C-alpha cells in the first residue's frame, strides 16, 4: 500500500527545529518516521538528523498517495512563494503543532501553521495561512492575524490586536492590548524588533524598536 509522504520544507535552522515536532506528531498518528523527509532546493547532504533530504522535484515525483508539507522558512516572502509553488503542484499544506502547544476556544488556524513548544492561543482568534509561532510565544483573545506572519521566540500578543500579512514580531516583543472595536493594528510587512514594547499602531512596512516602540533614529 502506498503511503502519504510528509515533508519539512527547509533544512536549515528553522527546518531542523520543526522536524522533531513533525516527527512526534506523525508518531501520535501511527505514521512511521520513514514517511517524513526534508525538502531543500539546494541540499548539501542526503540526510539530516536521520531524515532523507530531497530536492523539491524529487519530493513531487516520489511515489506517494499524497504529499503534505510544512514550510519552515523564516522569510515570509519566500514562504509565500514556496506555498504558491506547492499549491500549483498539488502539494497540500500541512500544519504541525507541538504536543504541548495550547489552543483554547474558538480558534481558527489557517493551513500550514507551525506552532513550537509552549505556544498558547487563547480564545476567539483568527489566524491566516502559514503562521509561524516560535517557542513560548502567545496570542491572546479577540486577535486577528493575517497570512505569513512570524512570531519569534517569546513574542507576546495581547488581546484585541490585528496583525496584517507578512508582519514579523521579534523575540520577546510585547504588543499592548487594544480595545473592543478599536484594536491595536500592526500593518502589513511591519517589523517589531526584539524586546520592543508596542503601545500604538505600527504602519505597514515600518520597523519599530525599543520601549515604547518607535522607528529607529537614522544617524548621519
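The values are calculated or read from the model by the stated rules, or taken from the named source; none is laboratory data. Remember, predicted model here, so these are calculated numbers, not experimental data. Neighbour counts are summed over all protein chains in view; Cβ atoms, including those assigned to glycine, are modelled from backbone coordinates with ideal geometry.
Results, tabulated for the structure shown:
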{"quantity": "Subset of the stretch 191-210 that is within 20 Å of the chain's Cα centre (by Cα) and part of a strand (DSSP E or B) - its residue that is farthest from residue 175 (Cα to Cα)", "calculated": "207"}
{"quantity": "Any hit, the stretch 64-71, residues being surrounded by 14 or more Cβ atoms within 10 Å (Cβ to Cβ), assigned to a strand (DSSP E or B), without any contact (Cβ under 8 Å) to a residue 24 or more places away in the chain and not assigned by TED's automatic domain parsing to the domain that holds residue 164", "calculated": "no"}
{"quantity": "Counted residues, the stretch 85-114 - those being touching a residue at least 60 places away in the same chain (Cβ under 8 Å) and in a strand (DSSP E or B)", "calculated": "3"}
{"quantity": "Matching option when the condition is out of contact with any helix residue (DSSP H, G or I) (no Cβ under 8 Å at 6 or more places or on another chain), in contact (Cβ under 8 Å) with a residue 40 or more places away in the chain and farther than 20 Å from residue 104 by Cα, among 152, 196, 190", "calculated": "152"}
{"quantity": "Condition met for residue 45 (modelled with pLDDT of 95 or more and either closer than 30 Å to residue 166 by Cβ or not in a helix (DSSP H, G or I) (or both))", "calculated": "no"}
{"quantity": "Some residue of the stretch 52-61 being in contact with a helix residue (DSSP H, G or I) (Cβ under 7 Å, 6 or more places away or on another chain) and surrounded by 15 or more Cβ atoms within 10 Å (Cβ to Cβ)", "calculated": "no"}
{"quantity": "Residue count for the stretch 1-31, restricted to those that are touching a strand residue (DSSP E or B) at 6+ places or on another chain (Cβ under 8 Å) and not in a helix (DSSP H, G or I)", "calculated": "9"}
